[in-house]
Every structure is written in C-alpha cells, then in structure tokens.
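Enquirer: Following this message is one structure expressed as structure tokens.
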2 protein chains.
Amino acid sequence: MNSPRIILLAHGSSDKRWCETFEQLAEPTLQSVENARVAYMELAEPSMDTVIKEGVAEGASHFTIVPLFLAAGRHLRKDVPAMIEELEKTYDTSIQLAPPIGENPLLGQAIRDVVMLQLEQTPA
Amino acid sequence: MNSPRIILLAHGSSDKRWCETFEQLAEPTLQSVENARVAYMELAEPSMDTVIKEGVAEGASHFTIVPLFLAAGRHLRKDVPAMIEELEKTYDTSIQLAPPIGENPLLGQAIRDVVMLQLEQTPA
C-alpha cells in the first residue's frame, strides 16, 4: 500500500484573491509532497470530487484530506464527512479526514512567530 | 511611545470547542508577548470592544490587531475596518489592522510541517 495522496482542503470563495492566498499557503506542501493537491469544499475549483476522480484515474486508492481550517466548525464536523462518505462510494476509494491544521501545536508556534515579526515591523 | 498592545482576533462562534481551539492557538503568543489578548469579532466574549476598553483603562494608547484568519474575506476587508473606526472614535485610541496570519509565509511552512507529521502517522 502506497502513501495516501494528500489533499489540502480549503473552504473556497468566489473571491479570487481569497483562493490565491490558499494557493500560496499550500505551495510549500505541494513542493515537498508528491501528488499533493489543493481542493475546495465549495464556490471554487478544483472541488474534492474533481481531485479524487483524477487521483483514482491515476491509480491512487487512498487519500488523506488535511483541512486548511484553523478550527472545526459545522463544515468539518458534518458537511465534509458527508461529502467524503459519498465520494468513497462513488469512486470505491478510501478517504481519511485529518484534524484541521489549527489543532496542531505547530500552528500556534507559527502564529507567535508572525506576531513577533509584526512587533519588529511596528515603528516604536 | 510603547509597543502596541497585540490583540489576536478570531471570528468567534457559539460553539465552545471552536473557541477553545483558538485559545490554544493563541497560547504561545500570550506567553511570549506581554499584554497580548484574544478577542472575538462576534458570537463570543471577549469582544474587541471589551479588550480595547480594558486596555485603554490600563493606559494603553495604541493596539495592533492580528487576525487569526487564513485569508481576508469580507470580514477583514469591510466589517473589521468599520468596527476599528468606531472603536478609535469611542476610546480615542489608535488601532492598526495587521494582515491575516495566513498571508505570512511562516504559515505555509507550518502547514507543510503538519502534513509531514500527518504522513508519518499514517499506517503504510
């Protein structure tokens, strides 16, 4: 069994600038992790359906969805698990939902580093 | 002029677990930056109004709001600037709005590290 394909899941928006921020956020992961992709829950493409369909066509049999969300709300507790269940049936594949990135302590450390930089840049 | 007081701004939610995730995300910053506070835009306390009011009462004269948002949508482009304008008038203080944390490259690197850990934990 190969490593699962990583899908970075963002909410999605009709605002192109919003999606561009997520594409930039994903860039270091896409460069480091083979076959990793970004997908959007709604309002933007590629959707989860598009990315899973393409992955399966390329021979992938399991996926891990890493939500680019700081915390789990209704979307991650209800909507996304329901979408995953449908996608698993449709494409006869296995999809694991990881915790949102904000639940990992590394994010809190990165936020502290961002704030420290912000303070250095503020004219005293 | 002293350093600005740092306010970590989260959206807020009536779901207590959602707010707890943000309190954990803020913890490293609160431990490293004197007088830093968390505030919520809506649906949870403390609000920005509460935190600014308390800061001013303690003698603070300027604040920097660091949004715990991955990208800027309507809230950060419109709602929060309007709230800040009101708060500056009400409390005769100066409030700077920093970019959302997701626009800092450190976040993209942290996301890559989270995904790497996720892959290590996935049974092969």
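Enquirer: On the given criteria, is A:Ala110 within 11 Å of chain B (Cβ to nearest Cβ), open to solvent by less than 20 Å² (accessible area, probe 1.4 Å) and in a loop (DSSP other than H, G, I, E, B)? Break it down stepwise before answering.
Expert: On the way: within 11 Å of chain B (Cβ to nearest Cβ): yes; open to solvent by less than 20 Å² (accessible area, probe 1.4 Å): yes; in a loop (DSSP other than H, G, I, E, B): no.
Criteria not met by A:Ala110.
Enquirer: Something else now. Got at least one residue in the stretch A:92-102 being farther than 24 Å from B:Gln24 by Cα, open to solvent by less than 70 Å² (accessible area, probe 1.4 Å), touching an Asp or Glu at 6+ places or on another chain (Cβ under 8 Å) and assigned to a helix (DSSP H, G or I)?
Expert: Going through the stretch A:92-102, the residues farther than 24 Å from B:Gln24 by Cα turn out to be A:92-96.
Now restrict to residues that are open to solvent by less than 70 Å² (accessible area, probe 1.4 Å): A:93-95.
Next cut, touching an Asp or Glu at 6+ places or on another chain (Cβ under 8 Å) only: A:94-95.
From the residues that got through so far, the ones that are assigned to a helix (DSSP H, G or I) too are none.
No, the stretch A:92-102 has no match at all.
Enquirer: Just checking, which of A:Gly108, A:Gly73, A:Gly59 is farther than 25 Å from B:Ala110 by Cβ, without any contact (Cβ under 8 Å) to a residue 24 or more places away in the chain and not acidic (Asp, Glu)? So that I can check it myself, show each step before the final result.
Expert: Values: A:Gly108 fails: farther than 25 Å from B:Ala110 by Cβ; A:Gly73 fails: farther than 25 Å from B:Ala110 by Cβ.
None of the other options fit; the residue is A:Gly59.
Enquirer: In this structure, does A:Ile65 turn out to be out of contact with any Cys (no Cβ under 6 Å at 6 or more places or on another chain), within 30 Å of B:Glu23 (Cα to Cα) and either open to solvent by 10 Å² or more (accessible area, probe 1.4 Å) or not basic (Lys, Arg) (or both)?
Expert: On the way: out of contact with any Cys (no Cβ under 6 Å at 6 or more places or on another chain): yes; within 30 Å of B:Glu23 (Cα to Cα): yes; either open to solvent by 10 Å² or more (accessible area, probe 1.4 Å) or not basic (Lys, Arg) (or both): yes.
For A:Ile65, the condition - out of contact with any Cys (no Cβ under 6 Å at 6 or more places or on another chain), within 30 Å of B:Glu23 (Cα to Cα) and either open to solvent by 10 Å² or more (accessible area, probe 1.4 Å) or not basic (Lys, Arg) (or both) - is met.
Enquirer: May I pose another question? Go through the stretch A:12-53 residue by residue and tally those that are closer than 17 Å to B:Ala71 by Cα, in contact with a Gly (Cβ under 8 Å, 6 or more places away or on another chain), within 13 Å of another protein chain (Cβ to nearest Cβ) and not charged (D, E, K, R).
Expert: 12
Enquirer: Condition first: surrounded by fewer than 17 Cβ atoms within 10 Å (Cβ to Cβ), within 11 Å of chain A (Cβ to nearest Cβ) and not β-branched (Val, Ile, Thr). Can you find one or more residues in the stretch B:79-87 that meet it?
Expert: Among the residues of the stretch B:79-87, not one is surrounded by fewer than 17 Cβ atoms within 10 Å (Cβ to Cβ), within 11 Å of chain A (Cβ to nearest Cβ) and not β-branched (Val, Ile, Thr), which makes the answer no.
One line per residue, one yes/no per condition, for (1) on the phi > 0 side of the Ramachandran plot; (2) crowded, with 20+ Cβ neighbours inside 10 Å; (3) of a type outside the set (Lys, Arg):
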residue	(1), (2), (3)
B:Thr29	no, yes, yes
B:Glu34	no, no, yes
B:Val38	no, yes, yes
B:Ser47	no, no, yes
B:Thr50	no, no, yes
B:Lys53	no, no, no
B:Val56	no, no, yes
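The values are calculated or read from the model by the stated rules, or taken from the named source; none is laboratory data. Because the structure is a prediction, the values reported are computed rather than measured. Quick reminder, even Gly has a Cβ in these numbers, built from the backbone with ideal geometry, and neighbours come from all protein chains shown. All accessible areas refer to the heavy atoms of the entire protein, side chains included, with ligands and DNA or RNA removed. Shrake-Rupley method; radii C 1.70, N 1.55, O 1.52, S 1.80 Å.
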